[in-house]
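Accompanying notes for the structure given below.
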Amino acid sequence: MGDKHDIRDTSEHYLDGFTRTLSEVSATGRRLTREELKTRRTLGEQAAEAGHGLRALIVAHLAATRAAWPSVPCSAESDLATLAAVEQAIDAFAEGYERAQRLSVRREEAARREFIDDLLYGRSDLGRLAERAERFGLHLSRAHAVAVAEGPAAYVESGPVARRVEAAVLARFDSRSILLTTKNGRLLCIAPGDEDEILVHFAKQAYAATDGCRVAVGRPQHGAGGVVQSYEEALAALEMAARLGLTGPVLRAADLLVYPVLTRDRQALVDLVSHTLDPLTRARGGAVPLLDTLSTYFDSGCVAAEAARRLSLSVRALTYRLERIHKLTGADPADPAQRYMLQTAVIGARLLDWPNRPL
């Protein structure tokens, strides 16, 4: 009974002037005035802002109409005019309600986007940022990791791919500890650092929802600054994967730490590539076929049969190429003692985009 009284008391404010208007319409047959429609829209906006349900308020309007009906004349013309007025009033009320909801959603989206930008750029007061983070399900006192998905086309926040991936992830995991969003055309998932299965599932769903994408996962880091660091690691991993032509849908920044080490001393890397691989340019057809052979051979775990299969060559043809490389460079790819230098030089060539770009 208490709930019914609460609903009735709440509805009275939003029904202000409604039955009086119906009585006038029934007596005169007029339509609602512009001012009356404006009032109903305003009341609808107020109801939405106060958090009341639209369905209950429409029911209250209909109940008020039914209660007032016996007091009005029962001619067909007055009945039609009254019904038309009820339709106008409820339509205006619902229009105001929905407009307020759309504005609320836009404000929420703007606040969310502002928070995400501040979080990923690390440009806000950390204490204030931590307070805002709790509103979106993140507790920055714990470690978080960031996964970034990059596809053939840019992801849009409200696009079908983003919605599909978000629905799949939130259907399986607690939405209160996960933040999914987009940034610069990429799809992001921020999750607790000790719940790696969330990021793995996100990567699988992002890959399945597109015609092919690559996902990089940064290392778990503590605090608001840690989110930025994990995000930047994931971006760097994506860039490194593109430069190296790394395959596989999921890349982990922790597994790629060796590559930034190689690029820190660019001149040393240039010298290594030039000294080790430049002789390949003297081969018939240039360095590219032999460089691809080395790359595939190393990626295959130095298993000749597997490398030959990937290159669509016979094992004999692959062996001939490896012998040719040995003769030109003086380093034997099959010799463990010399393999490391060759493999490092091949990685360096990828990073420097050699021989497409001169050293």
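A few remarks follow.
- Note on the stretch 251-359: enclosed helices (runs of 4 or more DSSP H) holding 3 or more residues that are more than 30 Å from Val148 (Cα to Cα) and within 38 Å of the chain's Cα centre (by Cα) are 288-299, 304-311.
- Among the residues of the stretch 312-331, at least one is outside the structural domain of Phe202 (by TED's automatic domain parsing) and of a type in the set (Asp, Glu).
- Residues that are exposed (fewer than 14 other Cβ atoms within 10 Å of the Cβ), hydrophobic (A, V, I, L, M, F, W, C) and not in a helix (DSSP H, G or I) within the stretch 62-102 comprise just one, Cys74.
- Residue count, the stretch 203-250 (criterion: touching a helix residue (DSSP H, G or I) at 6+ places or on another chain (Cβ under 6 Å), in a helix (DSSP H, G or I) and among the polar types (S, T, N, Q)): 1
- The residue of the stretch 32-61 that is nearest to the chain's Cα centre (by Cα), among those that are surrounded by fewer than 13 Cβ atoms within 10 Å (Cβ to Cβ) and of a type outside the set (Gly, Ala, Ser), is Arg55.
- Condition check for Val161: among the aliphatic types (A, V, I, L, M), buried (at least 17 other Cβ atoms within 10 Å of the Cβ), within 16 Å of Leu238 (Cα to Cα) and assigned by TED's automatic domain parsing to the domain that holds Glu239: no
- Qualifying residue in the stretch 243-266 (condition: closer than 30 Å to Gly193 by Cβ, touching a Pro at 6+ places or on another chain (Cβ under 7 Å) and loosely packed, with under 14 Cβ neighbours inside 10 Å): no
- Some residue of the stretch 208-218 being outside the structural domain of Asp299 (by TED's automatic domain parsing), touching a Ser or Thr at 6+ places or on another chain (Cβ under 8 Å) and touching a residue at least 60 places away in the same chain (Cβ under 8 Å): yes
- Condition met for Val228 (crowded, with 16+ Cβ neighbours inside 10 Å and either over 17 Å from Asp353 (Cβ atoms) or polar (S, T, N, Q) (or both)): yes
- Qualifying position, being part of a loop (DSSP other than H, G, I, E, B), within 22 Å of the chain's Cα centre (by Cα) and of a type in the set (Val, Ile, Thr), among Val161, Val156, Val105: Val156
- If you go through the stretch 134-153 and keep only what is aliphatic (A, V, I, L, M) and either touching a helix residue (DSSP H, G or I) at 6+ places or on another chain (Cβ under 7 Å) or surrounded by fewer than 13 Cβ atoms within 10 Å (Cβ to Cβ) (or both), you end up with Leu140, Ala143, Ala145, Val146, Ala147, Val148, Ala149, Ala153.
The values are calculated or read from the model by the stated rules, or taken from the named source; none is laboratory data. Because the structure is predicted, anything quoted here is derived from the model rather than measured. Quick reminder, even Gly has a Cβ in these numbers, built from the backbone with ideal geometry, and neighbours come from all protein chains shown.
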